[in-house]
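Asker: Submitted below is the structure of interest, expressed as structure tokens.
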Amino acid sequence: MEELFIKILQLITEEMPELSLVDEDYGQLETEEDTYPVTFPCVLIGNVEADWNDIGMGTQKGVVKMSARLAIDCYDDTHYGSGTEDKVAERLQMANKLYTSLQCFRPLSDMGPMYRTKTRFYAMPGGIKVYEYIFEFEVNDDTACK
């Protein structure tokens, strides 16, 4: 799984050079501090969940779910008539770029392509907007038998 994380972080960094940070999600946006321990815009990858089944000879097949969260600080007043409505479109374009970068991505030979299964957009304190995508893919794991 560690190789997969590295390949996903590398892909996002290459596809989205406008990001200031690409990292594993270990709760950086859920802090109790007054400031977030990240710079914006950033993408955080994590919240992995897998269901496993034995398929024989010690190999297991997993159906894995993984989140990709784009977080953007929204300091522009974007109400209609403000003259900065285009900032909303820019944020949505960046979110779509994250989705299209990961959709069908298959960095390892023992895994299937990644497919988006859920999308959620929400706001956080401090003017932070989060665009969250849940991706699902299958993977075979025989590491315990080697």
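Asker: Answer with yes or no whether MET114 is under 19 Å from LYS61 (Cβ atoms), under 13 Å from the mean Cα position of the chain (by Cα) and surrounded by 15 or more Cβ atoms within 10 Å (Cβ to Cβ).
Answerer: Yes.
Asker: Continuing with the same structure: Among the residues of the range 18-29, are any closer than 15 Å to LYS129 by Cα and touching a residue at least 60 places away in the same chain (Cβ under 8 Å)?
Answerer: Among the residues of the range 18-29, at least one is closer than 15 Å to LYS129 by Cα and touching a residue at least 60 places away in the same chain (Cβ under 8 Å), which makes the answer yes.
Asker: Would you mention how many residues in the range 83-116 are within 18 Å of ILE72 (Cα to Cα) and not in a helix (DSSP H, G or I)?
Answerer: Total satisfying the criteria: 2.
Asker: Here's a follow-up. For LEU4, work out the one condition from (1) surrounded by 11 or more Cβ atoms within 10 Å (Cβ to Cβ); (2) modelled with pLDDT of 95 or more; (3) assigned to a helix (DSSP H, G or I) it doesn't fulfil.
Answerer: (2) is the only condition that LEU4 fails.
Asker: Let me ask something additional. Scanning the range 97-111 for residues that are among the charged types (D, E, K, R) and modelled with pLDDT of 95 or more, which turns out most open to solvent (accessible area, probe 1.4 Å)?
Answerer: The selected residue is ARG106.
Asker: Kindly list the number of the only condition in (1) within 15 Å of ILE134 (Cα to Cα); (2) touching a Gly at 6+ places or on another chain (Cβ under 8 Å); (3) part of a loop (DSSP other than H, G, I, E, B); (4) not hydroxyl-bearing (Ser, Thr, Tyr) that fails for MET66.
Answerer: Answer for MET66: the failing condition is (3).
The values are calculated or read from the model by the stated rules, or taken from the named source; none is laboratory data. As the structure is a prediction and not an experimental result, all values here were calculated from the model. Virtual Cβ from ideal backbone geometry, glycine too; neighbours counted across all protein chains shown. Just the protein is used for accessible areas: all its heavy atoms, side chains included, with ligands, DNA and RNA removed. Shrake-Rupley method; radii C 1.70, N 1.55, O 1.52, S 1.80 Å.
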